[in-house]
Amino acid sequence: MYKLRGHHLFCLLGYRGMGYSQEYIENMTRLHQTLRNNPKTRIQLVKGPDHLCEKYPNSGEYHCQNDNIYNRDEVILKKLGLSIGQILRWEEIEVGIRKNAVPSDIQTVCKTCSWRSYGVCEEGIQDIIDGKGLREVK
């Protein structure tokens, strides 16, 4: 079982193999591939640093403890009708995304995210809505 915070549910949708460091990319890719290949993988929703934050590079301010990140987590969980402490299969999270999210949500929910300008998160939400699941990372 993996522990994930709210905003990482959307980050996984847009993940295309880029990240903050090589160690972070390898960790994110492993998780992404696990969820893509086995959507029955269990996820526990947590408040604060999670499985992906473990490999965030120590380069000054610890992004994972930033108030803006906690706010983004909360907004995304609320949007998806989820709450801290829940344990779900990834496929159940995808159902929640299909029911409760649209690609344009990224522009408001993730407005302060540095990755937003790539447009990949909107594509990721649309892929889930279309029933395609997570994109393959090459």
Somewhere in the stretch 59-74, is a residue surrounded by 19 or more Cβ atoms within 10 Å (Cβ to Cβ), part of a loop (DSSP other than H, G, I, E, B) and in contact with a helix residue (DSSP H, G or I) (Cβ under 7 Å, 6 or more places away or on another chain)? no
Which pairs do you get when a residue that is within 18 Å of ASP50 (Cα to Cα), found in the stretch 76-94, comes within reach of a residue that is basic (Lys, Arg) and part of a helix (DSSP H, G or I), reach meaning Cβ atoms under 9 angstrom, with the pair 6+ apart or on two chains? TRP90/ARG36
Checking ILE43 against (1) assigned to a helix (DSSP H, G or I); (2) of a type in the set (A, V, I, L, M, F, W, C); (3) closer than 19 Å to ILE128 by Cα, the condition it does not meet: (1)
Would it be correct to say that ARG98 is in a helix (DSSP H, G or I), over 15 Å from CYS113 (Cβ atoms), touching a residue at least 40 places away in the same chain (Cβ under 8 Å) and more than 12 Å from the chain's Cα centre (by Cα)? no
Here are some residues: HIS51, HIS8. Which one is surrounded by 21 or more Cβ atoms within 10 Å (Cβ to Cβ), in contact with a Leu (Cβ under 8 Å, 6 or more places away or on another chain) and of a type outside the set (A, V, I, L, M, F, W, C)? HIS8
For the stretch 12-24, what are the residues that are in a helix (DSSP H, G or I) and either more than 17 Å from GLN44 (Cβ to Cβ) or modelled with pLDDT under 95 (or both)? LEU13, GLY14, GLN22, GLU23, TYR24
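The values are calculated or read from the model by the stated rules, or taken from the named source; none is laboratory data. It should be emphasised that the depicted structure is a prediction, and the values quoted were computed from it without experimental measurement. Neighbour counts are summed over all protein chains in view; Cβ atoms, including those assigned to glycine, are modelled from backbone coordinates with ideal geometry.
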